[in-house]
Amino acid sequence: MNFIKLGLYIHIPFCNAKCPYCSFFSIVAENELIKRSYLDALKKEINIYRQKYPETVIRSIYLGGGTPTTLSGPLIVEILEICYKNFKIDKDIEITIESNPATFDFKKAGIIFQAGVNRLSIGAQSFSNKLLKNIGRIHDKKEILNSYHIARAIGFKNINIDLMFGLPGQTIRQFNKTLEEIVQLHPEHISLYGLSIEPGTPFEKLFEKGILKIPSDDIAYAMYQKAIDFFNNYGYEQYEISNFALPGKYCFHNRIYWKNQPYLGLGASSTSYIKNIRFKNFSDLNQYIYLLVNNILPIESKEILPLKEEMAETVILHLRMMEGLAKSEFIARFKVPIESVFAEQLKRLKEQGLLDDNESHYFLTRKGISLSNIVFMEFLD
Amino acid sequence: MPTRIEDIRNFSIIAHIDHGKSTIADRILELTETISERERRNQVLDDMDLEREKGITIKSKAVRLLYKTDNGGQYIFNLIDTPGHVDFSYEVSRSLAACEGALLVIDAAQGVQAQTIANVQMALENNLNIILIINKIDLSTANPERVREEIKKIKGLENSPIFLTSAKDGRGIKEVLDAIVQYIPHPRGSGDKPLQALIFDSVYNSYQGSIVYLRIVNGTVKPGMKIQTMSNKKTYEVTETGIFSPKRKKVDQLSVGDVGYLTAGFKDITLTKVGDTITDAIHPSEQRLPGYKKVSPVVFCSMYPVENDDYHNLKYALEKLSLNDSAISYMAESSPALGFGFRCGFLGLLHMEIIQERLEREYQIQLIATTPSVVYRVHLKDKEIIEINNPSSLPEVNTIDFIEEPFIELTVVLPSQFLGGIMELVQDRRGIFKNLEYLDQDRARLVYYLPLNEIMLDFYDRIKSISKGYASLDYQIINYQASPLTKVDLLVNQDVVDNLSFICHKDKAHERARKLVENLKTVIPRQMFDVPIQAKINQKIIARSTVRALKKDVLAKCYGGDITRKRKLLEKQKAGKKRMKKVGKVEIPQEAFMSVLKIE
């Protein structure tokens, strides 16, 4: 009965420095001791879930952050080994780790590759040292290239590079150059994110005060359109709003999110989604550790999704993927055709040229991709 | 209780805003022991919150006091409180007409102000004896000698006695009371003549109908008597007569010289108009008391509820408010952009502001109010003359011969160092210089004629900011004059937004149109198509701008942890969209209209 297949996310909330645009939960660790305590807490959390869901099968592991590579090689290995020991692991599992080029070296790369990590995500963001400085990154272009070449030398066959556009001081011409440079490296996967001003970040304050200037929406739009065409030309398929990959190299773990399938999130601030219940851990390191020391799950909030919302989220998340939502998938999941629930919305969006369908799927049009919020809003109350 | 007409004194207190009128009234009430300490609240006569807050008296009230002099004399004082603002000048003048004297209060620190002068003129027109009170002598900035000098410059006050008071600590008030006995004449008139009573106010009560506040000029009135309102010759039977002590208290009759109230089953207050004369229906007086005029609104605006559901509440609230304020007019209207609302008329800008605030505060209705408009007289080519109070109802331009607009005489009293700035402002508002007088070495009184329309927007604030708050102003409408006026329409995506149309002087149309177009551009959210914003006169576009199509509205990241937050963001965005109003195909948030109407 408790047999579930899950994606597993593990949050490593440590960074060597906080990036001023980032709203994810992380801290700059004062010493190694806190990392040790965090790891012990993580172990306990895994233990509790093993007892709760003894028949769990893990389909993917994703070490995200924060910056997972701020941990030493042995600590990363320790985390993976706890997972292997406590859960059933799918054969051919995808195991991803996020890295910051400044915290990645040959030795560490070798150790984690040995421990089973088979997908590396490099947080490059830009290939311009000036722009990297503008957004408070602690690494430079040289370190990006180093990380990449080390990973290749070690044997990583699946590498993602994170790239951002719409950065302060960025021009279209500069962005084009970055596009050229990235395809020359030929990574299997590229994530392309538009900079957004997030609440509670230093960038938000600077932006409101008018000190921080970012390219206009129109320029950001042009960059995005340019990137889509450019990557296509180089054989990258846009398979999600912000993600591009060579054939067969889609990120398995992230597709679990977009298919609205179950996942377990471990570590401070992580979110889990199991059987239409979404729950989230405390985004406070002390709280997280304290509760687990006392054998209590560090869950801060829990949300039981009503059917209508589950339907809406299923549609929205699927539509983030270019393949869209299979009509059969909706029926299989909810026992009713999508048209019986969202007829009006589907019709309106098709008229607006934002959505289209064929025999099997609903999917965003090219226009709909850039205006996806307008599409998604339709399905919400 | 004295009953002789010789023992009655009827008087008002008049003052510029904040010069201490209500506090003086409080002290007088205390010294005459009309009301107990326990009942006393500050500013007893003002019972609306808003009056307290704005420090002004909106509706006039009356109170009857018993005063005993030190030598054993007993007098009845009828104190009639008056509204303190130019918008209510007709009501003030009728209250004054019910008196024989007035206490003119002047702030010892601020000195003579624009309304002080207006008040003096009004009191003199009503032949009142004026007692001057230089108040707030307790202030460290008080300069009574300077104020004395300023008073000397005002015509008509040569024979008025001057008293120094501090209403705050009570100094000088007793002397003022004795002066009332001495300087203000008792009422004249005859109890034997046919009834003549002046209506100076009325309030509505759901049980008794309109309760009329009146001053008996001749004759006597008591319950059971048949009376007539002379403006419309309607007859009623008196059901109750009474006095104010200060609450309403029944008495058997009111006779010559008295101030009191009566009820006679008046269904609403439009039947008991301020300034009208009540007489005996059987033995009517041949003459109406002088000074009655029909009061009509001079400033109009449209008011819409922010929440559509509040429309009926708004209607109910306006009905309620107009029960006690016959000067408000309202008519239902609708607008594609703002939904259902009302076109409302007021006596002036302050009157409008007070009503808007009362609607929001007492009835909890959030409002969008459009830019106020004056009443234009449009002379058509076929010789017909029509009055319009809404720019959107201006007839086709080729049918119009010419347009007239109301002009005012504006009086500004100010420190002379600000003369240059204020004159520049008023001249820019089409002001015609009339007079400049120095009240003393460094204070002046400036008189201009200018169109009422020119003070509708951002005038008071500009005056205050130029003069650092030291200038005071007063105005009265003097006449209608022909002006080269033109109507400007605003179009959003080719559709006219009628609430944004405006009438202004030809020379100013381009400038104002351009500003409005630019403002609109910044507040209209980008749509999925280009939205042109245009301003036009007749068929000619005089300003334009474009809100470019929205191309990008996308959340880059959405992974496991983000979904709930992203969904909430989208839900919020959607809730905002739902509240938007549609002008043609264009969705515009109501806040956009509000901010445009404000900026204007």
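Of the residues making up the range B:518-541, those that are more than 30 Å from residue A:241 (Cβ to Cβ), buried (at least 19 other Cβ atoms within 10 Å of the Cβ) and of a type in the set (A, V, I, L, M) are B:520, B:533, B:535.
Taken over the range B:567-593, residues that are in a helix (DSSP H, G or I) and either more than 13 Å from every other protein chain (Cβ to nearest Cβ) or farther than 24 Å from residue B:496 by Cα (or both) amount to 13. Residues that are among the β-branched types (Val, Ile, Thr) and not in a helix (DSSP H, G or I) were ranked within the range A:336-348; the one that is farthest from residue A:381 (Cα to Cα) is A:336. Out of curiosity, is residue A:380 within 14 Å of chain B (Cβ to nearest Cβ), touching a residue at least 12 places away in the same chain (Cβ under 8 Å) and assigned to a helix (DSSP H, G or I)? It is false that residue A:380 is within 14 Å of chain B (Cβ to nearest Cβ), touching a residue at least 12 places away in the same chain (Cβ under 8 Å) and assigned to a helix (DSSP H, G or I). Residues of the range A:260-283 include none that is in a helix (DSSP H, G or I), touching a residue at least 12 places away in the same chain (Cβ under 8 Å) and in contact with a strand residue (DSSP E or B) (Cβ under 9 Å, 6 or more places away or on another chain). The condition of being under 22 Å from the mean Cα position of the chain (by Cα), more than 9 Å from chain B (Cβ to nearest Cβ), assigned to a loop (DSSP other than H, G, I, E, B) and among the charged types (D, E, K, R) holds for only one of A:213, A:249, that being A:249. In the range B:294-306, is there at least one residue being within 28 Å of residue B:229 (Cβ to Cβ), in a strand (DSSP E or B), in contact with a helix residue (DSSP H, G or I) (Cβ under 8 Å, 6 or more places away or on another chain) and at pLDDT 90 or above? Within the range B:294-306 (the criterion being within 28 Å of residue B:229 (Cβ to Cβ), in a strand (DSSP E or B), in contact with a helix residue (DSSP H, G or I) (Cβ under 8 Å, 6 or more places away or on another chain) and at pLDDT 90 or above), the answer is yes, since at least one residue qualifies. If the condition is being within 20 Å of residue B:82 (Cβ to Cβ) and surrounded by fewer than 17 Cβ atoms within 10 Å (Cβ to Cβ), then the range B:273-293 contributes B:290, B:291, B:293. Reported count of residues in the range B:206-228, each being part of a strand (DSSP E or B) and of a type in the set (Gly, Ala, Ser), is 2. Only residues that are within 24 Å of residue A:366 (Cβ to Cβ) and either of a type in the set (Phe, Trp, Tyr) or outside any loop (DSSP other than H, G, I, E, B) (or both) were counted across the range A:167-210, and they come to 15. Restricting to the range B:275-290, and then to whatever is assigned to a loop (DSSP other than H, G, I, E, B) and touching a Ser or Thr at 6+ places or on another chain (Cβ under 7 Å), can you tell me which residue is nearest to residue B:388 (Cα to Cα)? Out of the qualifying residues, it is B:276. Contact annotation: residue pairs with Cβ atoms under 7 Å, 6 or more positions apart or on different chains, pairing a residue in the range A:129-147 that is in contact (Cβ under 8 Å) with a residue 12 or more places away in the chain with a partner that is of a type in the set (Gly, Ala, Ser) and in a helix (DSSP H, G or I), are A:138/A:102; A:139/A:102; A:143/A:102.
Is there a residue being on the phi > 0 side of the Ramachandran plot, surrounded by fewer than 16 Cβ atoms within 10 Å (Cβ to Cβ) and either part of a loop (DSSP other than H, G, I, E, B) or not β-branched (Val, Ile, Thr) (or both) anywhere in the range A:223-243? Checked the range A:223-243: at least one residue is on the phi > 0 side of the Ramachandran plot, surrounded by fewer than 16 Cβ atoms within 10 Å (Cβ to Cβ) and either part of a loop (DSSP other than H, G, I, E, B) or not β-branched (Val, Ile, Thr) (or both).
Note on the range B:383-442: residues that are of a type in the set (A, V, I, L, M, F, W, C), in contact (Cβ under 8 Å) with a residue 40 or more places away in the chain, under 25 Å from residue B:299 (Cβ atoms) and in a helix (DSSP H, G or I) amount to 3.
Answer yes or no: is there a residue in the range B:359-372 that is at pLDDT 95 or above and in a strand (DSSP E or B). No, that holds for no residue. When the criteria are applied in full, residue B:231 meets the requirement of being modelled with pLDDT under 95 and assigned to a loop (DSSP other than H, G, I, E, B).
Look at the range A:361-377: where a residue is more than 7 Å from chain B (Cβ to nearest Cβ) and a partner is assigned to a helix (DSSP H, G or I) and of a type in the set (Asp, Glu), sitting 6+ places away or on another chain with Cβ atoms under 9 Å, you get A:361/A:329. Take the conditions (1) under 18 Å from the mean Cα position of the chain (by Cα); (2) surrounded by fewer than 16 Cβ atoms within 10 Å (Cβ to Cβ); residue A:6 misses just one of them, which is (2). Checking each residue in the range B:247-272 for being of a type outside the set (Gly, Ala, Ser), closer than 26 Å to residue B:11 by Cβ and crowded, with 20+ Cβ neighbours inside 10 Å picks out B:254, B:256, B:258, B:259, B:261, B:262, B:263, B:269, B:272. With respect to (1) within 23 Å of the chain's Cα centre (by Cα); (2) of a type outside the set (A, V, I, L, M, F, W, C); (3) part of a helix (DSSP H, G or I); (4) away from chain B (no Cβ under 12 Å), the lone exception for residue A:333 is condition (1). Residues in the range A:309-316: is at least one in a loop (DSSP other than H, G, I, E, B), buried (at least 17 other Cβ atoms within 10 Å of the Cβ) and not small (Gly, Ala, Ser)? No, every residue in the range A:309-316 fails to be in a loop (DSSP other than H, G, I, E, B), buried (at least 17 other Cβ atoms within 10 Å of the Cβ) and not small (Gly, Ala, Ser).
Among the residues making up the range A:267-288, those that are hydrophobic (A, V, I, L, M, F, W, C), closer than 21 Å to residue A:26 by Cβ and surrounded by fewer than 21 Cβ atoms within 10 Å (Cβ to Cβ) are A:279, A:282. Residue under question is residue A:109, and the condition is that it be small (Gly, Ala, Ser), surrounded by fewer than 22 Cβ atoms within 10 Å (Cβ to Cβ) and part of a helix (DSSP H, G or I); does it hold? In short, no. Close Cβ contacts (under 9 Å, 6 or more residues apart or on different chains) running from residues in the range A:43-72 that are assigned by TED's automatic domain parsing to the domain that holds residue A:122 and over 20 Å from residue A:299 (Cα atoms) to residues that are acidic (Asp, Glu) and modelled with pLDDT under 95 comprise A:57/A:90; A:58/A:90; A:59/A:90; A:60/A:90; A:72/A:32. Given the structure, is residue A:204 surrounded by fewer than 19 Cβ atoms within 10 Å (Cβ to Cβ) and among the acidic types (Asp, Glu)? Considered against the rule, which asks whether it is surrounded by fewer than 19 Cβ atoms within 10 Å (Cβ to Cβ) and among the acidic types (Asp, Glu), residue A:204 comes out as yes.
If the condition is being within 8 Å of another protein chain (Cβ to nearest Cβ) and assigned to a loop (DSSP other than H, G, I, E, B), then the range B:528-566 contributes B:528, B:548, B:550, B:551, B:552, B:553, B:554, B:555, B:556, B:557, B:558, B:559.
Scanning the range A:340-355 for residues that are among the charged types (D, E, K, R) and in contact (Cβ under 8 Å) with a residue 12 or more places away in the chain returns a single hit, A:348.
The values are calculated or read from the model by the stated rules, or taken from the named source; none is laboratory data. Just so we're clear, the structure is a prediction, and the values are computed from it rather than from any experiment. Note that we place each Cβ from the backbone using ideal geometry, even for glycine, and neighbour counts take in every protein chain shown.
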